[in-house]
Amino acid sequence: MTFVHLAFAYLRRRWGQALLSIIVGALGVAAVTAALAGLDALPRAARQAWGGVDLVVGPKGSALDLVLCCALHVSEPRGLVSLEAATKAVGNPMIRASAPLALGDNVNGWRVVGTTPALIDVYRAHLAKGRMWNDKLQAVLGATAARALHLEIGDSFVGAHGLAAGGEQHDRFPYKVVGILAPTGSALDRLVLTDFATVHYVHAEQARIERAERGSSDEDEGTASGDAATALVAAYRMPTAAAILPRQIDASETLSAASPSFEIARLAGYARPLTDAATALGLLLVAIAAAAAALGLMATLGARTRDLALLRALGASRAALATVALAEAAMIGAAALGLGVALGFGLLAVAGHALAQATGLQLEPSLGLEQVGGMIGGTILVILAAAAFPALRAAHTEIEELL
Amino acid sequence: MQADAAAQPVLTTRGVVLARSGRRIASLPDLAVAPGQAVALLGPSGSGKSTALMALAGIRAPDSGDIEVGGIRLWALPSAARDRFRGHRIGLVFQSFHLIDALSVAANVAIAMRCAGLSPDHGRVDSLLQGLQLAALARRRADRISHGQAQRVAMARALVNRPAVVLADEPTSALDDAATAELLALLRQSARAEGAGLLIATHDRRVIAAVDQVVEMKAAA
């Protein structure tokens, strides 16, 4: 039997009131946790997704769109660029590796990307099984895509038009799996890679067949030029390239350059007021919970004057009486902190699952040591604030109350 | 029912005068309570019994005079040391027992050890509860036991630290004759078994028959 046991016994006696304080406090802590852990998780998930891509070169337009479409592979392309012009723009010793991207098809919702083997170098990826393609209609699958599609080396599959599942199937152009990449944690894991020319070939042939079926003779109808690419992605050899190349490329009339790190930081900046608001709401809830806990303690202390006087009569020091009040507040605070952190991470897990379903981005929320220290320190301060007055009042209980 | 006269007294008082709000209200006759001896401090309501009990327990200082418990001059001890000493060497039984409702019977007894700065000795608690026929109730919450059982728990709590003296404040008020006799017998027997002196502050003349000595409170001159 210790004074902490006694505090717990008191807490159990007024469990409804204590539970309410714990729940309100936990909601506050959950909001703060979600804001703190989520604030960094989204940019981190994006950073992991874009892998080694330092630069995306695409048509004039929104740089953020280019990044979302061609580095993170979560949105639709906005146009095409000349492969020759884009290749020329990144033809610079400051570039370590570059590869074109031709988007337009999917396999059950998994993107088919026409590219060159240099894309593997951009992401610093490597094959887990098989080999790279050396002919049309051969495919190398990212690790996640291969697993989800249940495809192995030697298997065949057909693509469909568009980037989302449900498009017109290119039944006459089956792909053969020749390689599977080792997992990278990046967007590459979710892609089905094939030769750049294959995407154009499939579309050109499909269009030709459809024209033949309709009896049309327009050679250009429904096909893109073989020189057209959705974008080109590149990895820098040296950091100074980031200061020079995008500016040079943006100066051209047809090309636009986008840096994933810059665009995602900008996006996160837009989200900052939201996370600040969530943090403020969380802190407000924590303050309400602390006030409720303090008022609850004060109210019950009135009813416990007799008990406290008894403890003094039995020899307990004034500090021991204060310990009882402090321990009660500490138990409420610790429970609110634990429950709140679990709830916050639970919310982020649900959000992360939804985000992964929609975009493939893997949200891995975590709190840094400094943030954990801050939350524990903050909780201790709140506990002390909530318990200070009740503890003082408890410590000043006089034994005469009993006799 | 005579205590060992040769034994050193566990409680002695000399020339104790009691005051309340600066006004002298009573003087306490000189006492010498031996181990196992039971003394009744008799007086009507308002005669200063409770004030005397507070002085004897080291809670409120007397206006003058000396109080020794177990050979220690109680009011010479600094406040914090006096609190610890009271917890350790003075057992208190209150008029309405004052158990802590949130705790079990056993915890109500054990907490007296913690308050005195001792490590709870569960064997000691169990043996006291056994001796007072409370073993079966050890885990029951204090607000779920009968009045008679609560009396016995209060006694166990007063004795658990092996005090030199047990001070009981009006323990028989609101009890019928049979219950009074039973309580006093148990209180005497338990205190004697622990080698403690027993002082009962009461206005209840039924107590006289159950004690070794009766001391009448005198109003201050």
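Laboratory data are not the source of any read-out in this text; all were calculated from the coordinates shown. All of these numbers come straight from a predicted model, not from anything done at the bench. Heads up, the Cβs are rebuilt from the backbone with ideal geometry, glycines too, and the neighbour counts pull from every protein chain shown.
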At the level of C-alpha centres, the distance separating the range A:89-103 and the range B:80-137, in angstrom, is 82
One computes Rg over Rh for the protein assembly as shown from alpha-carbon atoms, with the Kirkwood Rh, and obtains 1.35
Extend 7 Å from the Cα of A:HIS161 along its Cα-to-C-beta direction; within the range A:186-213, residues with backbone N under 18 Å of that point are A:198-213
Residue-ordered couplings for the range A:52-58, obtained by feeding phi - 60° into the Karplus form 6.51 cos²θ - 1.76 cosθ + 1.60 and rounding to whole Hz (Gly and Pro as x), are x, 6, 9, 8, 10, 10, x
For the A:ALA251, A:LEU384 Cβ pair and Förster radius 45 Å, calculated FRET efficiency rounded to 0.05 is 0.15
Expressed in angstrom and rounded, the centroid-to-centroid distance over alpha carbons for the range A:332-371 and the range A:236-289 is 22
Non-local residues with an amide H under 5 Å from the amide H of A:VAL113, with H modelled 1.01 Å from N and Pro and chain starts lacking one, are A:VAL192, A:LEU193, A:THR194
With T = 20 °C, eta = 1.002 mPa s and Kirkwood Rh from C-alpha pairs, the Stokes-Einstein D of chain B in µm²/s is about 123
per DSSP, antiparallel bridges as share of beta bridges in the protein assembly as shown, % nearest 5, sits at 65
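At most 13 other Cβ atoms within 10 Å plus a DSSP loop assignment makes a site exposed; report the longest stretch of chain A without any exposed GluC sites (Glu not before Pro).
Here the longest segment lacking exposed loop sites spans A:1-151.
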Among the range B:28-53, those whose backbone N falls under 12 Å of a label point 7 Å along Cα→Cβ from A:GLU400 are B:51
Taking only the alpha-carbon positions of the range A:22-172 as identical scatterers, the Debye log10 I(q)/I(0) at q = 0.08, 0.12, 0.14, 0.20 Å⁻¹ comes out as -0.31, -0.64, -0.82, -1.42
Of all trypsin sites (Lys or Arg not before Pro) in the range A:232-290, the ones in DSSP coil with at most 16 other Cβ atoms within 10 Å are A:ARG237
Working note, the range A:93-192: Cα radius of gyration (Å, one decimal) and Dmax (Å, whole number) are 13.0, 42
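For Cα pairs less than 8 Å apart in space and 6+ apart in sequence, what is the mean separation divided by the residue count of chain B, i.e. the relative contact order in percent? Could the numbers behind the result be given before it?
Working: 462 pairs, mean separation 70.9, N = 221.
With pairs under 8 Å counted, the relative contact order is 32 percent.
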Of the range A:294-338, those with amide N under 20 Å from the point 7 Å along the Cα→Cβ vector of A:VAL372 are A:333-338
Row for the range A:55-258, column shape: gyration tensor on C-alpha, a ≥ b ≥ c, rounded if a/c < 1.5 i.e. under 1.5, prolate if a/b over b/c, else oblate; value oblate
Quick calc, A:ALA351 & B:ALA135: beta-carbon distance into FRET formula, R0 56 Å, rounding 0.05, result 0.50
With DSSP loop assignment and no more than 14 other C-beta atoms within 10 Å, the trypsin sites (Lys or Arg not before Pro) in the range A:106-157 are A:ARG124, A:ARG131
With N residues in the range A:283-371, Rg(alpha-carbon) / (2.2 N^0.38 Å) equals 1.69
Residue by residue through the range A:236-253, the couplings from Karplus 6.51 cos²θ - 1.76 cosθ + 1.60 with θ = phi - 60°, in Hz, x for Gly and Pro, are 6, 8, 9, x, 4, 4, 5, 8, 10, 5, x, 5, 4, 5, 5, 6, 6, 7
Taking placed amide H atoms and a strict 5 Å upper bound, the residues 5 or more places from B:LEU92 or on another chain that come that close are B:LEU167
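Over the range A:55-258, what is the mean sequence separation of C-alpha contacts under 8 Å (at least six apart), divided by residue count, expressed as relative contact order in percent?
Relative contact order for the range A:55-258 comes out at 34 percent.
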